[in-house]
Each structure stands twice: as structure tokens, then as C-alpha cells.
Amino acid sequence: MAQKFPFTMWVYNPYTDFTPDEIDLWADCGMSHPMSPAVYNTEQVKELIPFLDRAEERGIKLIANCRHLGLPAYEHFHHSVLITQGPEAYEKLFREAYEIIGSHPALHGFYVADEPMRPQFFDAVTLCYEIQKKVAPELHPFVNLRGETPDFEPSEFRGKTYEEWVKYIGQDLGVSFVTLDNYGPMINDNLLTGYFHAMKGAVETSMKVGGPEVWNNLLSSAHYAYKIPTENDIRWMINTSAACGCRGAMWFRFYDRVEGYDYYGSPIDEFGNKTENYYAIMRCQQRFNNQFGELLMSLKFKKAFHLGIDYKAYPAFVDGSHDLIRLSNYDNAVVSFFEDENGVEYMCMVSMHRDRISSHKIFYDESKCKVHEMILNGKRVDYFPPTDLNSPYGDFSFIPGQMRLFRIDRK
């Protein structure tokens, strides 16, 4: 079976809030690597086995949310076993959990940390990585980075640059993925420049040094200055993430909770009801994997451009940006290029609009190449004729946030 684009989400609820039936709710929504309910000590780790069993039945994997093995937020991380008792005590604690669920086929990896910052915290995260990969090299430890992490100074990493740190965890330790907080599109003034800048820094650094894949951590819970995403927003966030080279997506967060009423609009409200957000995420995730996820996961990201508005991250797509393709924009898009294992090139376009239809034109010389649109992960391939330079026709349209994927067949 072809690999699909992975989706996961934050779950803060304790295991006592759920039965294994909750796994069906996550799988039905299109989550492939959801975070498990929280457990807090070695004795409770066995409580995750029924959840893992159900996950295996549904063909998905869980990130084990073992809070006693993770590092609390920066202001509290000094209270972790790693700091208070040392690496040997932490390794013993991790081995105890690993002996209980480590061999389960539905386990993806264990929680490590959220939003590390400052040298001591990054030291602790790196040490957790080292211990977990030593004991369980086949698993995939989970760390969620702050969006600005690629811009941190070397002082954050004890003299290492971000690039050097990413190379170490990826090449030397074998860490396979990180998630990246990236909530800008849902803030009141739409911080899109920072959104693209964060992805560009993280993705391009990992590509350069063989670091872990980047999964974009997107917002599904309104709070502070952040608003509830619409279905158009959700489609846009998934599609722009994939178009910019991210290899998965995460949602903050899946459940509202009674003690935080100023966090609202999550897929499941604090009373246990599915919100419209649940159904919107379900539709967008399933549609994305039906149309693009398998094909994109088989391709290698090469580069991205802004077409229309300059968001100060990627270069502008202008005449000469590509040796064969020209684009006429009436609106605004992200344009990116991928290639398959045989070197065949693909062009991905995503509308930057979240509130209206947009349209574009493709120009190319048919004596040099042909362009085909890839539909249903390439199960259907439609010839896409070049637009006549002098014709008012030949536009192709996008619904808000829509992705379209083309294969460029050179002659």
C-alpha cells in the first residue's frame, strides 16, 4: 500500500477520559498517527495497550503520550526525571515503558517535548533523543518545535547552529520527524509572512543536511488572538504545507476542555460533541489523501515560489523562473516543483485565497514538453493543453485554497 500523507493531533486528555472506541473517532477523521491519551507513570503505560490494539485494527499508529517520559514546558522542565535524577534514571524509566508497549506494531514513538527553547532545554531534548534512539532505534520520538526555531541563534544550541543540530539529530541519531508550530494564518492580522518563513527555514535546512522530515503544526483551536478556522482555511493550510515541502501535518488541538473555556472551536467540544471543525478536518484530510497524498509522498520537494503577492519567504515566480513553464496570474498562488525517482518533474499550485475563486493560465511550448494534470493520485491523468498567448481563453480556476498538481513531460 502506498504511503499516505500523515496527519496527527494534540491530545491532552488523560486515558481515563476515553475508551478504545475513541480511536474510531480519530481514524474516521483521517488521522494516521494520532497522539494517544495521556498516562503519567509506568504503571499506567499498560492502559495504552487497548488503544494500541484498536489502532492496529484501524491501520493507524499512535504517538504514546507518556507524560512522565516527556519534558514539561520550559519553566517546569527542571522537574523532569532527566534533570532531577539524571540520564541513567531516565533511561531506566524509558526502558520500563518500552518493555510494556515498545514492540506493539501500532506504536509510532514516544512523546519527548513541546516548544523547546534556551540551551538547557535543547540539551535535555537532545539527551532524550539520544536515550530513546539508543533503546528503541526503530521508533520515532516526538518533539514539537517553535515556529521561530530555525532562526534561533547558536547560543540556543550550546554553540551549534540550527543546521548543525538538525544534522546531528537526523544523521547521527536517526530522528525521522519534527513538528513545527505554525499558527500565523489564524491570527487576527494573518501573519502569512512568518508562516511561510518558518516552513522555508525548517524544510530547506532538513533537505540540505539530511535532517528529519518537517510536519507543519496547524491550528484548530481558537484562543487568544487566534480564530476558528473555516473549511477553506483548513484546506488552505493542508495544501500550502504540502506544497512547501512539509511531509505531514499536525493539529493543535483535538479536544476542548472544561477548564479552558477561552480555548474553543476544536473538533470535539468540552461536552464531547463533534463540531463543524471535526467534519471540515475530516473532509479536507480525506480529500487531500484521495487526490494528492500518496503521489506527493512518492515525490521529492525541490523548490517553491510565490506567484502574485510577495510574502518575503520564497522568490517570485516570473518569466525565466522555469525553463519551460510560464504562468499568468490574475490572483495569488504558491507554485512549487517536485520530482519522482526517475527525475520526472511535477508542478504544484495552491491558491492563496481563502475567500474567493481565483484563476491562472499556463503557457508552454508543446514542441518541448507536454503538461498533464494528476487527479486521484495519478490514477487519472488529463492532458493540459498550453494556453495561446493571444487568446483570452484557457484560464483554469481554483476554489479557495485548492491544490492542482501537474506532471511536466519533457520531449
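The values are calculated or read from the model by the stated rules, or taken from the named source; none is laboratory data. Source: prediction; values computed, not measured. For neighbour counting, all protein chains shown are included, and Cβ atoms are generated from backbone atoms with ideal geometry for every residue, glycine included. Only protein heavy atoms, including side chains, enter the accessible area calculation; ligands, DNA and RNA are left aside. Shrake-Rupley method; radii C 1.70, N 1.55, O 1.52, S 1.80 Å.
Listing for the model above:
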| quantity | calculated |
| --- | --- |
| Residue within the stretch 154-175 that is among the basic types (Lys, Arg), farther than 21 Å from Arg253 by Cβ and free of Cβ contacts under 8 Å to residues at least 40 places away in the same chain present | yes |
| Boolean, Phe94 is open to solvent by less than 20 Å² (accessible area, probe 1.4 Å), touching a strand residue (DSSP E or B) at 6+ places or on another chain (Cβ under 7 Å) and either without any contact (Cβ under 8 Å) to a residue 60 or more places away in the chain or in a loop (DSSP other than H, G, I, E, B) (or both) | no |
| Odd one out for Ala304, checked against (1) in contact (Cβ under 8 Å) with a residue 60 or more places away in the chain; (2) touching a strand residue (DSSP E or B) at 6+ places or on another chain (Cβ under 8 Å); (3) among the small types (Gly, Ala, Ser); (4) open to solvent by 50 Å² or more (accessible area, probe 1.4 Å) | (4) |
| Subset of the stretch 73-91 that is open to solvent by less than 60 Å² (accessible area, probe 1.4 Å), closer than 20 Å to Asp114 by Cα and among the aliphatic types (A, V, I, L, M) - its residue that is modelled with the lowest pLDDT | Ala73 |
| Pick from the stretch 132-161, criterion surrounded by 22 or more Cβ atoms within 10 Å (Cβ to Cβ) and in a helix (DSSP H, G or I), ranking: farthest from the chain's Cα centre (by Cα) | Gln132 |
| Residue list for the stretch 33-59, restricted to those being under 23 Å from the mean Cα position of the chain (by Cα), assigned to a loop (DSSP other than H, G, I, E, B) and either surrounded by fewer than 22 Cβ atoms within 10 Å (Cβ to Cβ) or among the aromatic types (Phe, Trp, Tyr) (or both) | Gly59 |
| Flag if Gly184 is of a type outside the set (Ser, Thr, Tyr) and closer than 20 Å to Val334 by Cα | yes |
| Qualifying residue in the stretch 374-386 (condition: over 28 Å from Met199 (Cα atoms), modelled with pLDDT under 95 and in contact with a Phe, Trp or Tyr (Cβ under 9 Å, 6 or more places away or on another chain)) | yes |
| Qualifying position, being over 22 Å from Arg354 (Cα atoms) and either of a type outside the set (Gly, Ala, Ser) or surrounded by fewer than 23 Cβ atoms within 10 Å (Cβ to Cβ) (or both), among Gly201, Gly194, Gly211 | Gly201 |
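To keep it simple, each residue is scored yes or no on (1) assigned to a strand (DSSP E or B); (2) more than 23 Å from Lys302 (Cα to Cα); (3) in contact with a Lys or Arg (Cβ under 9 Å, 6 or more places away or on another chain); (4) of a type in the set (Asp, Glu).
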| residue | (1), (2), (3), (4) |
| --- | --- |
| Gly174 | no, no, yes, no |
| Val178 | yes, no, no, no |
| Pro185 | no, yes, yes, no |
| Asp189 | no, yes, no, yes |
| Lys208 | no, no, yes, no |
| Val214 | yes, no, yes, no |
| Leu218 | yes, no, no, no |
| Ile228 | no, yes, no, no |
| Asn239 | no, no, no, no |
